[in-house]
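Beneath this line is the structure, given in structure tokens, with notes to follow.
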Amino acid sequence: MQFIFLGTGCPVVSLERFGPAHLVQHQGRSLLVDCGSGVTQRLLAAGCPGRDLDALLLTHLHSDHITDLGDVIITRWVTTFDAQAAPLPIIGPPGTAEVVRATLAAFGFDIGYRIAHHDDLTEPPPLEVHEYTEGPVWDREPVRITAAPTDHRPVEPTLGFRVDCEGTAVVLAGDTVPCAGLDDLSAGADALVHTVIREDLVNQIPMQRFKDICDYHSSVQQAAATAARAGVGTLILTHYVPAIAPGQEEQWRQLAATEFDGRIELGDDLHRVQVG
Ligand SMILES: [Zn+2]
Ligand SMILES: [Zn+2]
């Protein structure tokens with residue numbers, strides 16, 4: 001299974017690190033997890049334009065994780081040659097259907113302009129929206145996906161996803177503090193992908209709203225401790241808050257290594273990690 005960092009950033013705009021988005025690929029299947037700012041450009045750079053996606057998974061409905069949902073939907077529509085193309089399944093927590101409906105409504109004028117102007121363009125292909133709070137969410141050979149509740153309160157419900165495929169498992173935690181749901185989901189997986197913050201650095205920022213971020217995200221050490229409890233082989237850290245400064249990656253890795261003695265991966269956008 002291949003994991004690709006599409007966007008390793010956070011809500012703070014960065015020219016190097018785009019918004020949270022990650023791609024899991026196996027045997028021609030492509031699963032997009034979250035769709036932060038710049039995701040369509042990163043998908044193209046990764047060799048998987050949006051029309052090739054098999055499903056979109058949303059861990060939660062915070063803006064940095066869904067801000068380019070409209071771009072994914074509209075770009076897929078206007079660049080798909082087959083009008084009978086299969087619908088794009090969108091799997092997320094309760095509220096996802098409302099977000100998708102509102103996004104399509106926001107682009108209602110655009111959709112009308114394009115249909116009126118192009119004879120070979122009809123209504124956007126249907127979207128399949130599936131809302132879950134836990135349990136199996138996808139079973140199409142050879143990929144199975146399971147969701148579990150995470151703890152990102154006051155944002156709720158939020159989901160972690162486990163992708164199982166031919167004996168290899170990758171868990172995507174999303175934004176969460178350590179919690180039983182994520183521990184159970186991650187147990188025995190090959191890799192855990194976890195969003196992280198550096199509490200020591202965030203607490204130096206003289207704005208209360210940055211300090212508040214610590215309340216509902218895991219620190220590097222907490223994410224590493226979760227990986228250790230779960231017994232995963234590889235910990236993949238992403239969604240760096242604040243963005244990793246040039247030359248500082250090793251410092252982040254060392255912090256994780258205080259709690260976890262397996263393989264630790266950090267990366268820039270488009271870095272790839274082979275799992276299993
Ligand atoms: Zn969040
Ligand atoms: Zn986030």
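The values are calculated or read from the model by the stated rules, or taken from the named source; none is laboratory data. All of these numbers come straight from a predicted model, not from anything done at the bench. Backbone-built Cβ (ideal geometry, glycine too); neighbour counts: all protein chains shown. Ligands, DNA and RNA are excluded from the accessible area calculation, which covers all protein heavy atoms including side chains. Shrake-Rupley method; radii C 1.70, N 1.55, O 1.52, S 1.80 Å.
For segment 254-274: of the residues being in contact (Cβ under 8 Å) with a residue 40 or more places away in the chain and β-branched (Val, Ile, Thr), which is most open to solvent (accessible area, probe 1.4 Å)? Filtering segment 254-274 for residues that are in contact (Cβ under 8 Å) with a residue 40 or more places away in the chain and β-branched (Val, Ile, Thr), the one most open to solvent (accessible area, probe 1.4 Å) comes out as Ile264. Filtered by the rule that a residue be outside any loop (DSSP other than H, G, I, E, B) and within 16 Å of ligand 1 (Cβ to nearest atom), segment 175-186 gives Val177, Gly181, Leu182.
Taking segment 132-166 on its own, how many of its residues are part of a loop (DSSP other than H, G, I, E, B), more than 17 Å from Leu58 (Cβ to Cβ) and open to solvent by less than 60 Å² (accessible area, probe 1.4 Å)?
Here the count works out to 1.
Does any residue of segment 53-72 turn out to be more than 16 Å from ligand 2 (Cβ to nearest atom), among the acidic types (Asp, Glu) and touching a Cys at 6+ places or on another chain (Cβ under 9 Å)? Yes, because at least one residue in segment 53-72 is more than 16 Å from ligand 2 (Cβ to nearest atom), among the acidic types (Asp, Glu) and touching a Cys at 6+ places or on another chain (Cβ under 9 Å).
Annotation: of all residues in segment 54-74 being closer than 23 Å to Tyr132 by Cα and charged (D, E, K, R), the one that is farthest from the chain's Cα centre (by Cα) is Asp54. Say whether the condition of being buried (at least 24 other Cβ atoms within 10 Å of the Cβ) and in contact (Cβ under 8 Å) with a residue 12 or more places away in the chain is met by at least one residue in segment 199-217. Within segment 199-217, not a single residue is buried (at least 24 other Cβ atoms within 10 Å of the Cβ) and in contact (Cβ under 8 Å) with a residue 12 or more places away in the chain.
Using the structure shown, decide if Arg51 is of a type in the set (Lys, Arg), under 19 Å from His130 (Cβ atoms), more than 14 Å from ligand 1 (Cβ to nearest atom) and over 15 Å from the mean Cα position of the chain (by Cα).
Judged against the criteria, Arg51 is not a match.
Regarding Glu98, is this residue modelled with pLDDT under 95, more than 17 Å from the chain's Cα centre (by Cα) and of a type in the set (D, E, K, R)? Taking the combined requirement at face value, the residue does not satisfy it. Between Asp110, Asp68, the distinction of being within 16 Å of ligand 1 (Cβ to nearest atom), out of contact with any Phe, Trp or Tyr (no Cβ under 6 Å at 6 or more places or on another chain) and free of Cβ contacts under 8 Å to residues at least 60 places away in the same chain belongs to Asp68 only. Checking each residue in segment 30-65 for being assigned to a strand (DSSP E or B) and more than 19 Å from Ile236 (Cβ to Cβ) picks out Ala55, Leu56. Evaluated against (1) within 21 Å of Val232 (Cβ to Cβ); (2) of a type outside the set (S, T, N, Q); (3) touching a helix residue (DSSP H, G or I) at 6+ places or on another chain (Cβ under 8 Å); (4) in contact (Cβ under 8 Å) with a residue 40 or more places away in the chain, Leu172 falls short on exactly one condition, (3). All of (1) in contact with a Phe, Trp or Tyr (Cβ under 9 Å, 6 or more places away or on another chain); (2) open to solvent by 10 Å² or more (accessible area, probe 1.4 Å); (3) away from ligand 1 (no atom under 12 Å from the Cβ) hold for Leu172 with one exception: (2). Looking only at residues that are modelled with pLDDT under 90 and outside any helix (DSSP H, G or I) in segment 187-227, which one is nearest to Ala256 (Cα to Cα)? Among them, the one singled out is Asn203. Within segment 180-206, the set of residues being under 11 Å from Pro149 (Cα atoms) and within 16 Å of ligand 2 (Cβ to nearest atom) comprises Leu182 only.
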